[in-house]
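The values are calculated or read from the model by the stated rules, or taken from the named source; none is laboratory data. These numbers were taken from a predicted model, which means no experiment stands behind them. All Cβ positions, even for glycine, are placed from backbone atoms using ideal geometry, and neighbour counts span all protein chains on display. Only protein heavy atoms, including side chains, enter the accessible area calculation; ligands, DNA and RNA are left aside. Shrake-Rupley method; radii C 1.70, N 1.55, O 1.52, S 1.80 Å.
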Amino acid sequence: MEILAAGIQARFREIFGGSPLLVRSPGRVNLIGEHTDYNAGFVLPAAIDKAILFAIRERPGRRCRLFAADLNERHEFDLDGFQRDSKHWPNYLMGVVDQILREGYTLGGFDCVFGGNIPIGAGLSSSAALEAGLAAALNEIFELNIDKLQLVHLARRAENEFVGVQCGIMDQFINIFGMKDRAVLLDCRSLEYQYYPFDGKELSVVLCDTGVRRELASSEYNIRRAQCESAVSILQQFDKNVKSLRDASLDLLEEHRQALGALLFRRSAYVVRENLRVLAACGDLQRGDWQAFGQRIYQSHEGLRDDYEVSSPELNLLIELAAGIPGVLGARMMGAGFGGCTINLVKNKQLENFTGSIEESFRRQSGKNVAIHVARIQAGTSVITAQEAHV
Ligand code: GLA
């Protein structure tokens with residue numbers, strides 16, 4: 001990561017000249033609690049050591065100059081009039097600028113070089129890292145004094161309104177609030193949160209990337225959201241207190257199974273069970289019961305595969321294979337679904353064997369390669385010093 005930061009800093013000097021501020025903005029994993037955030041439920045994510053680095057500095061005037069180091073692409077815009085771009089990546093950044101201006105803060109022009117090592121489209125939230133990272137960086141250089149929770153909201157609205165994906169709050173939240181060696185239980189309704197130790201001394205979080213990119217994800221994602229909303233409006237006819245699936249119980253769903261119909265029943269049952277699993281999983285963490293924690297992760301996958309139907313053949317194969325390898329406590333698909341990564345909890349002692357076995361058997365059974373990343377739990381978005389960049 002230090003090498004990466006030094007590289008981005010050097011690139012900035014080369015392209016724009018001068019000494020920029022450096023900000024590190026991480027990707028994330030989600031241990032459990034998938035598709036629950038937009039149902040006002042619970043999630044248990046953690047920020048990781050894969051990140052986007054920003055080198056940024058104010059410039060006179062209203063012009064903003066962006067350079068994507070990994071793509072070798074440049075984009076410029078004017079604060080007084082800018083629009084969505086067909087290149088796509090500038091939209092995540094311009095969306096943030098748009099939100100900050102809408103909130104009435106004063107910005108000036110800036111130069112920014114960014115790049116990193118979060119695989120794009122793998123379900124590790126590279127988009128939230130772009131949005132929240134830039135929001136935090138602008139907050140710093142223009143001394144806007146926006147508090148952390150506001151940064152989260154701003155970054156999320158940039159994705160909802162400018163990019164056009166109706167994501168929940170999890171990714172932007174963990175990007176800003178992540179802490180080294182801690183997972184965060186977030187109540188997506190009250191936004192209360194609690195840190196749980198997750199230090200990787202015994203276990204590693206291993207990501208297996210199918211390499212399948214999630215073209216379906218954003219349309220199917222919005223469809224799942226709409227299905228959850230439809231279920232809520234049906235349940236509301238019977239119980240006014242159901243404001244989101246967070247408020248529904250399995251009994252209530254059973255009672256109104258017919259009114260919901262088979263599809264909405266399955267979608268809602270998954271969400272209600274997943275919320276219960278997240279809370280139970282936090283109890284497991286507190287007791288240090290990794291076996292029980294891992295079992296809930298497997299159950300989460302079954303629900304995502306059979307009831308919420310956001311998995312894919314490659315993801316399912318990876319879970320089946322992982323379950324047969326010694327030292328794996330739990331595994332499931334992670335993120336929006338339809339591709340991207342699985343998350344696996346693997347005992348450190350068996351890590352090497354896990355990597356070799358899953359690579360080989362996945363290749364044999366699917367004819368494709370899987371990319372493996374061991375994720376270490378790191379702090380959320382933060383300013384890093386030039387010294388840190390060069391260690
Ligand atoms: C994406 C969204 C999140 C969340 C997950 C599914 O990552 O950005 O808000 O809904 O999918 O859990």
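Mean-square fluctuation check for the chain, GNM, Cα pairs under 10 Å: which of ASN30, ASN139, ASN241 is largest?
With Cα springs under 10 Å in the chain, the top fluctuation among ASN30, ASN139, ASN241 is at ASN241.
I need the calculated FRET efficiency for the pair ASN241 and GLU192, taking r as the beta carbon distance and R₀ as 22 Å, to the nearest 0.05.
After rounding to 0.05, the efficiency reads 0.65.
Can you pull the one-decimal nm distance between simple spin-label points at VAL383 and ALA371, each 7 Å off the Cα toward Cβ?
Once both label points are built, they end up 3.2 nm from each other.
Leaving out ligands and nucleic acids, note down the accessible area per residue over the chain with a 1.4 angstrom probe, in whole Å².
41 Å²
Keeping the other protein chains in place, figure out the carbon and sulfur percent of the accessible area of region 205-375, with a 1.4 Å probe.
Accessible surface attributable to carbon and sulfur in region 205-375 totals 48 percent.
For the chain, go through all pairs of different Cα atoms, get the mean of 1/r, take its inverse, and jot down that Kirkwood value in Å.
21.6 Å is the Kirkwood radius here.
Which of these, ALA132, ALA280, ALA158, has the largest mean-square fluctuation under a Gaussian network model of the chain (Cα springs below 10 Å)?
Result: ALA280 has the largest fluctuation of those listed.
Mind telling me which of GLY18, GLY330, GLY164 comes out most flexible in a GNM of the chain, alpha-carbon contacts under 10 Å?
So, out of GLY18, GLY330, GLY164, the one fluctuating most is GLY18.
Can you list the HN-Hα couplings for region 354-366, worked out from phi with the Karplus curve (6.51, -1.76, 1.60; θ = phi - 60°), rounded to whole Hz and with x for Gly and Pro?
Running phi through 6.51 cos²θ - 1.76 cosθ + 1.60 with θ = phi - 60° gives 4, 4, x, 5, 6, 4, 5, 6, 5, 4, 5, 8, 10 Hz.
In nm, to one decimal, how far is the modelled label at ALA292 from the one at LEU279, with both set 7 Å along Cα→Cβ?
1.5 nm
Which value in Å does the Kirkwood hydrodynamic radius of region 70-160 take, with 1/r averaged over all unlike C-alpha pairs and then inverted?
One decimal place: 13.6 Å for the Kirkwood radius.
Relative to the compact-globule scaling 2.2 N^0.38 Å, provide the ratio for the alpha-carbon radius of gyration of region 205-375.
For region 205-375, the normalised Cα radius of gyration is 1.13.
Quick one: Cα convex hull volume of region 1-115, Å³ per residue?
Cα convex hull per residue, to the nearest whole number: 135 Å³.
Give me the count of lysine pairs in the chain whose alpha carbons sit under 24 angstrom apart, restricted to pairs 8 or more positions apart or on different chains.
Step by step, the pairs that qualify in the chain add up to 13.
What are the extents of the Cα atoms of region 200-299 along their three principal axes, listed from largest to smallest and rounded to whole Å?
Principal axes ranked by extent give 50, 37, 20 Å for the Cα atoms.
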